[in-house]
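K.L.:
Dropping a structure here in structure tokens format, bear with me for questions.
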Amino acid sequence: MVKYKIINGEGIIPNGTTEIEDYAFFYINDLTSITIPNSVTEIGDYAFWGCEALTSIIIPESVTEIGKSAFKGCTALTSIIIPESVTEIGTSAFSGCTALTSIDISKSVTKIGDYAFLGCEALTSINIPESVTEIGGWAFWGCEALTSINIPESVTKIGCYAFKGCEALTSINIPESVKWIGGEAFKGCKALTSINIPNSVTKIGDEAFWGCEALTSIIIPESVT
């Protein structure tokens, strides 16, 4: 088992470490910063969950996997860069990071997992790269400050509750690649005034646009069954 140290708030991970184990820094409230060595390829499940004082972290290019709930509840984390080596953002990876204002998702990521950014209420914008094919359920639920989002042509599925409660979101363009809009996907998006549903969509889930008070018109294409 790897022995981690914390000196004056900084987490020390020994060089040569290949994996930050599950629960490695779980709820360590005095952790303010950490340097991850280039030898690390995997950040384990719940590795930094509840590290409320952690303000910044650099994920090296060596990391290929960010485990589920890895940074959940890191309420002081303001920004993060996900390197090109990472292909999937795990379930609940950054959920509850209430101070997170921006995130850079690399072009190698193919899936944004369920609950990935749930409750990131300070997040104002996010760029989803062309590599992403699926936006998971609950992915951006409760991102109240999110005003705009670009969904690339690569995305085929928008999961249930994906943008539920994004109250500042004013418009969104759904690309021709999307075939399925999940239930409650845009529920409670009170500022949403327009949305384009392409001819590729075959199903719109239950309550998908419930509570979209500013939406005055919508065209449902012939493809919807």
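K.L.:
Using a 1.4 Å probe, what is the accessible area per residue for the chain, in Å²?
P.N.:
44
K.L.:
Can I ask one more? Take every DSSP beta bridge whose two residues both sit in the chain, then give the antiparallel share in percent to the nearest 5.
P.N.:
Values: 3 of 34 bridges.
In the chain, DSSP labels about 10 percent of beta bridges as antiparallel.
K.L.:
Which pairs, out of K164/K190; K72/K179; K111/K190, put more than 21 Å between their alpha-carbon atoms?
P.N.:
Distance filter (> 21 Å) returns K72/K179; K111/K190.
K.L.:
Bin all alpha-carbon pair distances of the range 70-136 at 10 Å intervals from 0 and give each bin's fraction as a whole percent.
P.N.:
Values per bin, smallest distances first: 24, 59, 17.
K.L.:
Rg to Rh ratio, the chain, alpha-carbon atoms and Kirkwood radius?
P.N.:
1.03
K.L.:
Then there is this: What's the carbon and sulfur percent of the chain's accessible surface, probe 1.4 angstrom, rounded to a whole number?
P.N.:
It is 50 percent, rounded to a whole number.
K.L.:
Let me ask another. Net charge within 11 Å of A208 by Cβ-Cβ distance, Lys/Arg positive one each and Asp/Glu negative one each, not counting A208 itself?
P.N.:
Working: positive: K164, K187, K203; negative: E184, D206, E207.
Computed value for this residue: 0.
K.L.:
Roughly how many whole Å is it from the C-alpha centroid of the range 1-33 to that of the range 51-69?
P.N.:
11
K.L.:
Among I12, I105, I59, which one moves the most in a GNM of the chain with springs linking Cα atoms closer than 10 Å?
P.N.:
Most flexible of the set in this elastic network: I12.
K.L.:
With an 8 Å Cα cut-off and a minimum separation of 6 or more residues, compute the relative contact order for the range 37-145 in percent.
P.N.:
Answer for the range 37-145 is 21 percent.
K.L.:
Residue by residue through the range 128-133, which ³J(HN,Hα) values in whole Hz follow from phi under the Karplus form 6.51 cos²θ - 1.76 cosθ + 1.60 (θ = phi - 60°), with glycine and proline marked x?
P.N.:
9, x, 5, 6, 6, 9
K.L.:
A follow-up question, please. Enumerate the calculated ³J(HN,Hα) couplings along the range 137-146 in order (Karplus 6.51 cos²θ - 1.76 cosθ + 1.60, θ = phi - 60°), each rounded to whole Hz, writing x wherever the residue is Gly or Pro.
P.N.:
Karplus values, whole Hz, x for Gly and Pro: x, 6, 4, 10, 4, x, 7, 5, 9, 5.
K.L.:
Hey, got a sec? Which trypsin sites (Lys or Arg not before Pro) in the range 1-99 land in a DSSP loop and have at most 14 other Cβ atoms within 10 Å?
P.N.:
Passing both the DSSP loop test and the Cβ count: K3.
K.L.:
Enumerate the amide H contacts of I128 below 5 Å, restricted to partners 5 or more residues apart or on another chain; note that Pro and chain-start residues carry no placed amide H.
P.N.:
Placed amide hydrogens put N150 under 5 Å from I128.
K.L.:
Turning to a different aspect of this structure: Around I6, which amide H atoms from residues at least 5 apart in sequence, or from another chain, sit under 5 Å from its own amide H, with H modelled in the peptide plane?
P.N.:
Placed amide hydrogens put I12 under 5 Å from I6.
K.L.:
Run through the range 144-225 and list the GluC sites (Glu not before Pro) located in a DSSP loop whose Cβ has at most 12 other Cβ atoms within 10 Å.
P.N.:
E153, E176, E213, E222
The values are calculated or read from the model by the stated rules, or taken from the named source; none is laboratory data. What you see is a predicted model; the values in this text were computed from it and never measured. Note that each Cβ is placed from the backbone with ideal geometry, even for glycine, and that neighbours are counted across all protein chains shown. Only protein heavy atoms, including side chains, enter the accessible area calculation; ligands, DNA and RNA are left aside. Shrake-Rupley method; radii C 1.70, N 1.55, O 1.52, S 1.80 Å.
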